[in-house]
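Participant: Got a structure here, written out as structure tokens. Questions coming.
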Amino acid sequence: MYADLSLDHFMSGLKKRNINETEFHQAVYEVAESVIPYILENSKYQYAGIIERMTEPDRTIIFRVVWEDDDGHVRVNRGYRVQFNNAIGPYKGGLRFHPSVNLSILKFLGFEQTFKNSLTGLPIGAGKGGADFNPKGKSDAEVMRFCQAFMTELSHHIGHDTDIPAGDIGVGAREISYMFGQYKRMTREFTGVLTGKSLEFGGSLIRTEATGYGNAYFMDEMLKQQGDSTKGKVCVVSGSGNVALYCAEKIRHLGGKVVTLSDSSGFIYDKDGIDEAKLAYIIDLKTVKRGRLSEYAEKYGCEYFEGKRPWGVKCDLAYPCATQNELDEDDAKLLIANNCIGVSEGANMPTVIKAIKLLQEAKLLYAPGKAANAGGVAVSGLEMTQNSIRMAWSSEELENRLREIMTTIHNKCVSYGKEEDGYINYVKGANVAGFTKVADAMLAYGIM
Ligand code: NDP
């Protein structure tokens, strides 16, 4: 029996075992804070050491990736795959290509993925991977050579029943296609080993849109719970990648007005709202031309704030969709002062812990990424199903399923997260609901 499962004791052990992995510490702390009290009320999880096991990845693979640039120089990057937990299904989670990628970031993402994938209700375990490779400024040929070199090693560790990676920051349709091609060439198998594939070779309709759409739906569910809706709300969105762009699109479908988007150089503030035509321009600018948002400001004559984040813009709803730790305490104070009523995370862990506390104390609706951005992995799960049965479902059918999954996740959060005063603590709800399914499976397997 455990003598001490206090949060402090648990966290100090975790920090000792995972030195300097600050993002991983932050992600675990956020979960442990709500799950440890639940474990103490349900001692079967405590005796079986479930939280200790869940915070240790099944395995971590680190490898060298060597490729040649267009000038004939040999380049070396570091590749990773963290296979976190396969208690409820094969490992599943994205690949990130970004210079900031390190083990701490991938462990935080893999850990979060455990809860997120559990919340979807689909049989998918959790993993995350990537490389410290920066696709920005590289030619298509360089990206192709990098992806082929990366997959040459990764292919030994993945498989359609073992581990099914997808995209994340810096890994979109182009990168997935190069990697899928290389896997197919090496194994001579055409299997659903990656998701986020193009429609011509096993991809699913609405996978591209799913994370962003799901996030907009989740916010709408939170508002519905309060007898409100997205209609007529002024919305601030950060990022201008896969998640942000389709979150903005769905907000518009739901009747909201999106006034900002950002990239790593700054943000645009378009008071009139980013309508369908403007959004189509940005999608082309960011995904085809790989340009900068400042070009939008020049074209449409709106304000552009170099090097700034959009949280000071007056809004009803905020959707952080760029990257981790992009919304800090000062940003939370600005949102509260501006009477924002809800924050829903499209990105993973975009809000720092102190900012989350402020938002919750001010009784804002606050949805953590592991619940609100689960739509992407959910449709990835549906892509796997379509690949297995060798069928392709229609957009309408998939979007209905996505909406249903987001509603179910929302309701799980409500049932585990409702507090005595009626406030819904979505962090607690998502953590405990995600935890129980994985924990029960681990208990059933015995000690391993
Ligand atoms: P993309 O690479 O498509 O877009 C990322 C966006 O964030 C870009 O606009 C980028 O700007 C901006 N960005 C990246 N780093 C920073 C930074 N340090 N500061 C400010 N802006 C930054 O990634 P995704 O849209 O796929 O992912 C965004 C977030 O959503 C990530 O946290 C990811 O883990 C999470 N997520 C993604 C899912 C998916 O299906 N893709 C699923 C679930 C979560 P720039 O154009 O300048 O690079």
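Participant: In region 194-228, what residues are more than 20 Å from residue 171 (Cβ to Cβ), open to solvent by 10 Å² or more (accessible area, probe 1.4 Å) and within 16 Å of the ligand (Cβ to nearest atom)?
Facilitator: 217
Participant: Exactly one condition in (1) free of Cβ contacts under 8 Å to residues at least 12 places away in the same chain; (2) part of a helix (DSSP H, G or I) is not met by residue 216; state its number.
Facilitator: If we test residue 216 against (1) free of Cβ contacts under 8 Å to residues at least 12 places away in the same chain; (2) part of a helix (DSSP H, G or I), just (1) comes out false.
Participant: Among the residues of region 331-349, which ones are on the phi < 0 side of the Ramachandran plot and within 16 Å of the ligand (Cβ to nearest atom)? Please lay out each step first, then the result.
Facilitator: To start, the set of residues in region 331-349 that are on the phi < 0 side of the Ramachandran plot comprises 331-338, 340-348.
331, 343, 344, 345, 346, 347, 348, listed by residue number.
Participant: Then there is this: Just to verify a result, which residue in region 47-61, among those that are within 14 Å of residue 10 (Cβ to Cβ) and among the aliphatic types (A, V, I, L, M), is surrounded by the most Cβ atoms within 10 Å (Cβ to Cβ)? Please lay out each step first, then the result.
Facilitator: From region 47-61, those within 14 Å of residue 10 (Cβ to Cβ) are 49-56; that's our starting set.
Remaining after also requiring among the aliphatic types (A, V, I, L, M): 50-51, 54.
Numbers: 50: 21, 51: 22, 54: 24.
Among residues in region 47-61 that are within 14 Å of residue 10 (Cβ to Cβ) and among the aliphatic types (A, V, I, L, M), the one surrounded by the most Cβ atoms within 10 Å (Cβ to Cβ) is 54.
Matching residues to (1) touching a helix residue (DSSP H, G or I) at 6+ places or on another chain (Cβ under 6 Å); (2) within 29 Å of residue 232 (Cβ to Cβ):
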position	(1), (2)
326	no, yes
354	yes, no
358	yes, yes
362	yes, yes
372	yes, yes
375	yes, yes
418	no, yes
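Participant: Just checking, does region 167-180 include any residue being away from the ligand (no atom under 16 Å from the Cβ), within 19 Å of the chain's Cα centre (by Cα) and part of a helix (DSSP H, G or I)?
Facilitator: no
Participant: Condition first: among the acidic types (Asp, Glu) and open to solvent by 30 Å² or more (accessible area, probe 1.4 Å). Now tell me which residues in region 118-159 satisfy that. Can you show your working first?
Facilitator: Taking region 118-159 first, the residues among the acidic types (Asp, Glu) are 132, 140, 142, 153.
132, 140, 153, listed by residue number.
Participant: Is there a residue in region 229-251 that is over 21 Å from residue 371 (Cα atoms), without any contact (Cβ under 8 Å) to a residue 40 or more places away in the chain, within 16 Å of the ligand (Cβ to nearest atom) and crowded, with 24+ Cβ neighbours inside 10 Å?
Facilitator: Scanning region 229-251 turns up no residue that is over 21 Å from residue 371 (Cα atoms), without any contact (Cβ under 8 Å) to a residue 40 or more places away in the chain, within 16 Å of the ligand (Cβ to nearest atom) and crowded, with 24+ Cβ neighbours inside 10 Å.
Participant: Another question, then. Which residues, counting only those in region 96-107, are hydrophobic (A, V, I, L, M, F, W, C) and more than 10 Å from the ligand (Cβ to nearest atom)?
Facilitator: Of region 96-107, the ones hydrophobic (A, V, I, L, M, F, W, C) are 97, 101, 103, 105-106.
Those that are hydrophobic (A, V, I, L, M, F, W, C) and more than 10 Å from the ligand (Cβ to nearest atom): 101, 103, 106.
Participant: Sort through 77, 134, 117 and tell me the only one that's closer than 18 Å to residue 174 by Cβ, outside any strand (DSSP E or B) and either within 16 Å of the ligand (Cβ to nearest atom) or not small (Gly, Ala, Ser) (or both).
Facilitator: Details: 77 fails: outside any strand (DSSP E or B); 117 fails: closer than 18 Å to residue 174 by Cβ.
Criteria check complete, one pass: 134.
Participant: Can you tell me which condition residue 358 does not meet? The list is (1) more than 20 Å from residue 218 (Cβ to Cβ); (2) surrounded by fewer than 18 Cβ atoms within 10 Å (Cβ to Cβ); (3) more than 16 Å from the ligand (Cβ to nearest atom), and all the others hold.
Facilitator: Of the numbered conditions (1) more than 20 Å from residue 218 (Cβ to Cβ); (2) surrounded by fewer than 18 Cβ atoms within 10 Å (Cβ to Cβ); (3) more than 16 Å from the ligand (Cβ to nearest atom), the odd one out for residue 358 is (2).
Participant: Further, regarding this structure: Just give me the residues in region 285-297 being open to solvent by 70 Å² or more (accessible area, probe 1.4 Å), under 15 Å from residue 270 (Cβ atoms) and within 11 Å of the ligand (Cβ to nearest atom), in sequence order.
Facilitator: Within region 285-297, no residue meets the criteria.
Participant: Which one of the conditions (1) among the aliphatic types (A, V, I, L, M); (2) within 16 Å of the ligand (Cβ to nearest atom); (3) free of Cβ contacts under 8 Å to residues at least 40 places away in the same chain does residue 405 fail to meet, given that it meets all the rest?
Facilitator: It is condition (3) that residue 405 fails.
Participant: So residue 156 passes all but one of these: (1) within 20 Å of the chain's Cα centre (by Cα); (2) assigned to a loop (DSSP other than H, G, I, E, B); (3) free of Cβ contacts under 8 Å to residues at least 40 places away in the same chain. Which condition number does it fail?
Facilitator: The failed condition is (1).
Participant: List, please: which pairs have Cβ atoms under 7 Å, are six or more places apart or on different chains, and start with a residue in region 298-326 that is closer than 11 Å to residue 351 by Cα and within 12 Å of the ligand (Cβ to nearest atom) and end with one that is of a type outside the set (Asp, Glu) and open to solvent by 60 Å² or more (accessible area, probe 1.4 Å)?
Facilitator: 326/309
Participant: Within region 32-46, identify whether any single residue is aromatic (Phe, Trp, Tyr), open to solvent by 20 Å² or more (accessible area, probe 1.4 Å) and in contact with a Phe, Trp or Tyr (Cβ under 8 Å, 6 or more places away or on another chain), and answer yes or no. It would help to see each step written out before you state the result.
Facilitator: The first filter runs over region 32-46 and keeps only residues aromatic (Phe, Trp, Tyr), leaving 38, 45.
Applying the additional criterion that residues be open to solvent by 20 Å² or more (accessible area, probe 1.4 Å) yields 38.
Cutting the leftovers down to in contact with a Phe, Trp or Tyr (Cβ under 8 Å, 6 or more places away or on another chain) gives us 38.
Among the residues of region 32-46, at least one is aromatic (Phe, Trp, Tyr), open to solvent by 20 Å² or more (accessible area, probe 1.4 Å) and in contact with a Phe, Trp or Tyr (Cβ under 8 Å, 6 or more places away or on another chain), which makes the answer yes.
The values are calculated or read from the model by the stated rules, or taken from the named source; none is laboratory data. The shown structure was predicted, so the numbers you read here are calculated from the model rather than taken from an experiment. Note: ideal-geometry Cβ built from the backbone for every residue, glycine included; neighbour counts use all protein chains shown. Ligands, DNA and RNA are stripped out before the accessible areas are found, and what is left, the full protein with its side chains, is counted by its heavy atoms. Shrake-Rupley method; radii C 1.70, N 1.55, O 1.52, S 1.80 Å.
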